[in-house]
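First comes the structure, then the notes that go with it.
The values are calculated or read from the model by the stated rules, or taken from the named source; none is laboratory data. These numbers were taken from a predicted model, which means no experiment stands behind them. We place every Cβ from the backbone using ideal geometry, glycine too, and count neighbours over all the protein chains shown. For the accessible areas, the whole protein counts, side chains as well, though only heavy atoms, and no ligand, DNA or RNA atoms are used. Shrake-Rupley method; radii C 1.70, N 1.55, O 1.52, S 1.80 Å.
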Amino acid sequence: MTTTLKKFIESLDPKTLPRVLQIQSGYYGVTDNECSISTGEVITVTGYKVQKVRAHIHSSEYADTVELPLNFPGFFKIVPDKTSYYSIEEIVKALHVGHTRFGHPGFYSCSNLHVGTVTVCQNEEIIIKSVEDSNGVMSVNCEVFINGERQCFVLPLSYKGEFYEYKDEKIYTLKEITDWKIPKCRKRTVILTDLTKLLELTQLFPNASNAMMTLEPVYEIQALLEFGKDIINLLTDLDIEVLDITQKFDVEYFIQILTTHEIFERTSKEFPMIAEIIEGPLRSHTAYRLLQHGKKIIIHAKYQADRVIASELRSDTANKHFLIPSSYKGRFKRRPRFFPTVYDLNIANRETDNIHVVATKAFQSSHEEFSSVNVGDQFQAKHFQSCKVKSDGKTTIVDALVCAKMENKCCVKSTIPLYVEGGFMEVVHDKRQYYVSELCKDFQLPVNVKVSVRDLFTVAEDILAATSVLQLEEQITDSYLLVSLLDNPKEVWELPVHRVNLTVRLIGNFYGDTYFSPTRTNVEEINEEEYYMLRRYESHVHDPPPRPPKTPVNTSIIEKPVISESNQDMTSEPRSFNQVTEVVCSLQEKINDETLQQSTEKDISTTTSSNTETDAFVAVSKDVKEHQQMKREVNDVKEQFDSITLKCRPTHQISHENDIPGQ
């Protein structure tokens with residue numbers, strides 16, 4: 001039966017690909033980017049994807065249609081689809097289920113569900129986490145929160161009922177909606193919530209913000225002409241009519257063209273396989289230059305692998321971002337961290353006891369219960385303490401951090417309130433070299449490090465070896481294919497599914513030695529967009545940071561440090577926070593080489609038992625003499641710290657300035 005190309009894609013089950021079509025009504029491309037195809041030609045459809053989106057805007061003043069690119073920089077809120085589903089299988093076929101939170105669709109049942117010991121009330125949100133084979137029955141792993149407690153259960157795809165999409169309060173980009181939130185063969189109604197920097201759209205449609213619109217995806221099909229290897233791309237909105245003649249051909253002789261996403265969706269039993277590259281990746285990374293057109297590769301396996309998101313801290317160039325595999329064989333040394341407030345220092349001290357810091361900003365206390373801070377003062381953080389402060393006849397409870405202040409040849413107990421925005425730079429006494437897996441296990445991220453031993457087993461040159469200071473920010477899990485070249489099967493590395501677009505032709509199964517772990521390390525350098533999208537995908541599992549404490553009433557904070565006349569020129573040019581880190585890291589290296597050779601063998605952290613606090617101060621005082629040179633070095637650059645920290649306070653501090661009286 002003859003149909004339009006658009007209707008053919010809308011009714012197509014992706015699992016039935018490839019399909020053979022005969023062109024009943026051809027099309028002549030009017031531009032260089034459009035493909036011409038003649039009536040009577042035969043094509044093999046191997047895949048399709050969303051190319052653009054047609055948005056039908058509904059407003060009280062007008063109704064119009066515009067075409068939006070996938071990188072449209074607006075944000076949308078989804079209107080729940082009112083179409084009903086009558087089995088779990090219908091939901092899975094229509095919606096996208098994946099490993100990120102966008103691939104966890106929510107729905108509700110019109111009646112109570114009784115699954116084992118779990119009872120789910122009607123209209124309660126049920127979240128689909130994954131689709132798996134459970135004892136030979138294809139099922140979905142579900143999650144529901146009952147009275148604040150998470151309950152997990154399994155439903156077979158054959159489970160019957162009346163289900164509807166649950167209301168989604170999150171906001172999404174257009175690309176996220178097309179990838180995850182448009183049901184198969186349907187349109188999606190959304191509300192445009194953010195028009196930041198969208199001047200052209202606001203000029204054309206002044207009331208488009210918060211207007212309801214219907215998104216209709218326009219697909220681009222990938223096809224082969226006359227069973228050849230050359231791929232053509234056709235948009236489904238072209239005036240083309242086709243006839244499905246797949247049944248007249250032997251499917252076994254079809255050339256199977258797949259993308260990395262489609263390969264990853266295959267079952268584990270189908271690996272390993274041999275494939276020929278039809279279209280290579282666009283990335284210029286040396287590891288991906290090996291994947292050229294015509295090269296044959298072995299795809300050994302698919303799996304989820306751990307990665308650490310890292311950013312280089314530099315002031316002279318834009319920060320670079322990396323994904324470091326847990327199997328990275330290079331080693332790192334720790335580098336100082338910067339704590340903008342005592343509050344931040346207290347949080348870090350919960351994970352790592354007795355943090356040694358140097359003050360980079362002065363604070364003059366107006367209460368006798370608290371200690372003042374001068375630039376260059378050295379402290380060792382001890383424990384949290386709530387103090388009673390009397391002011392105007394009233395008693396106020398103020399949270400503070402008890403520290404050991406290193407002063408001459410002894411240590412003095414100092415109590416500093418958490419609201420102080422003093423700025424403290426960590427002094428690292430740890431010379432140990434760590435693997436990235438050890439850093440993630442032993443320390444609370446983020447952690448500042450520098451590569452001390454490069455990885456000699458990377459696919460190409462170790463790009464981390466050329467970096468200055470790296471901040472390890474977050475651990476994530478991502479999807480990878482384990483690949484190697486057919487002519488060099490022992491050089492195995494991980495190919496990211498979501499960041500490398502590779503189109504291959506399947507040749508057959510591979511019967512040689514199969515690898516289930518990489519023999520070569522692939523460190524990825526990612527761009528800004530990929531970096532923020534990865535943080536967006538994963539950061540939802542973390543609770544938001546607590547609000548910083550407010551300054552108590554009638555408490556004065558002296559924020560302006562004294563700068564000598566001879567060094568006034570140091571503040572004439574604004575400096576970034578990364579420059580602070582570079583200066584102190586340079587100082588740290590000098591300290592490690594000259595003054596901490598012997599002290600690193602000592603344990604300056606005091607015993608954690610609560611016998612007596614005095615013993616802890618005495619233990620610290622033994623090392624004070626060895627660090628006097630460090631104090632003089634820090635004082636020499638205090639003006640730099642003063643000028644920099646005043647101009648580079650973190651955003652979260654600025655956002656709460658109005659909450660602090662006296663500023």
> Taking segment 434-463 on its own, how many of its residues are out of contact with any strand residue (DSSP E or B) (no Cβ under 7 Å at 6 or more places or on another chain) and at pLDDT 90 or above?
Replying inline: 4
> Taking segment 405-434 as the region of interest, how many residues are surrounded by 17 or more Cβ atoms within 10 Å (Cβ to Cβ) and more than 17 Å from residue 364 (Cβ to Cβ)?
Replying inline: 8
> Since residue 242 meets every condition but one in (1) at pLDDT 85 or above; (2) among the aliphatic types (A, V, I, L, M); (3) closer than 22 Å to residue 77 by Cβ, which condition does it not meet?
Replying inline: (3)
> Somewhere in segment 121-133, is a residue farther than 30 Å from residue 267 by Cβ, more than 32 Å from the chain's Cα centre (by Cα) and among the acidic types (Asp, Glu)?
Replying inline: no
>> Six or more apart or on different chains, Cβ atoms under 9 Å: show the pairs whose first residue is in segment 387-400 and small (Gly, Ala, Ser) and whose second is open to solvent by 80 Å² or more (accessible area, probe 1.4 Å) and in a strand (DSSP E or B).
In response: 400/384
> Among the residues of segment 339-374, which ones are of a type outside the set (S, T, N, Q) and in contact with a Gly (Cβ under 7 Å, 6 or more places away or on another chain)?
Replying inline: 340, 342, 358, 359, 361, 363, 373
> Is there any pair with a first residue in segment 288-302 that is among the hydroxyl-bearing types (Ser, Thr, Tyr) and surrounded by 14 or more Cβ atoms within 10 Å (Cβ to Cβ) and a second that is in a loop (DSSP other than H, G, I, E, B) and at pLDDT 85 or above whose Cβ atoms are under 7 Å apart and which are 6 or more apart or on different chains, and what are they?
Replying inline: 288/500
> Looking at segment 101-117, which of the residues that are in a strand (DSSP E or B) and open to solvent by 10 Å² or more (accessible area, probe 1.4 Å) is nearest to residue 180 (Cα to Cα)?
Replying inline: 106
> Out of all the residues in segment 76-85, is one or more open to solvent by 30 Å² or more (accessible area, probe 1.4 Å) and out of contact with any Phe, Trp or Tyr (no Cβ under 9 Å at 6 or more places or on another chain)?
Replying inline: yes
> Here are some conditions: (1) modelled with pLDDT of 85 or more; (2) assigned to a strand (DSSP E or B); (3) buried (at least 19 other Cβ atoms within 10 Å of the Cβ). Residue 8 meets all but one. Which one does it not meet?
Replying inline: (2)
> Of all the residues that make up segment 144-159, how many are outside any strand (DSSP E or B) and either more than 16 Å from residue 108 (Cα to Cα) or at pLDDT below 90 (or both)?
Replying inline: 3
> Taking segment 118-139, which residues are among the aliphatic types (A, V, I, L, M) and either closer than 24 Å to residue 78 by Cα or outside any strand (DSSP E or B) (or both)?
Replying inline: 126, 127, 128, 131
> (1) within 19 Å of residue 414 (Cβ to Cβ); (2) open to solvent by less than 30 Å² (accessible area, probe 1.4 Å): which one isn't true of residue 324, the others all being true?
Replying inline: (1)
> So which residues in segment 64-87 are modelled with pLDDT of 85 or more and among the small types (Gly, Ala, Ser), if there are any at all?
Replying inline: 84, 87
>> Conditions first: (1) without any contact (Cβ under 8 Å) to a residue 60 or more places away in the chain; (2) open to solvent by 10 Å² or more (accessible area, probe 1.4 Å); (3) within 25 Å of the chain's Cα centre (by Cα). Residue 142 passes all but one, so which condition is the exception?
In response: (2)
> Which residues, taken from segment 504-533, are open to solvent by less than 10 Å² (accessible area, probe 1.4 Å) and among the hydroxyl-bearing types (Ser, Thr, Tyr)?
Replying inline: 521
>> Looking at segment 465-475, can you tell me whether even one residue there is out of contact with any Asp or Glu (no Cβ under 6 Å at 6 or more places or on another chain), outside any strand (DSSP E or B) and open to solvent by less than 50 Å² (accessible area, probe 1.4 Å)?
In response: yes
> Considering segment 359-390 alone, what residues qualify as being within 19 Å of residue 338 (Cα to Cα), in a strand (DSSP E or B) and open to solvent by less than 10 Å² (accessible area, probe 1.4 Å)?
Replying inline: 359, 363, 373, 378, 379, 380, 381
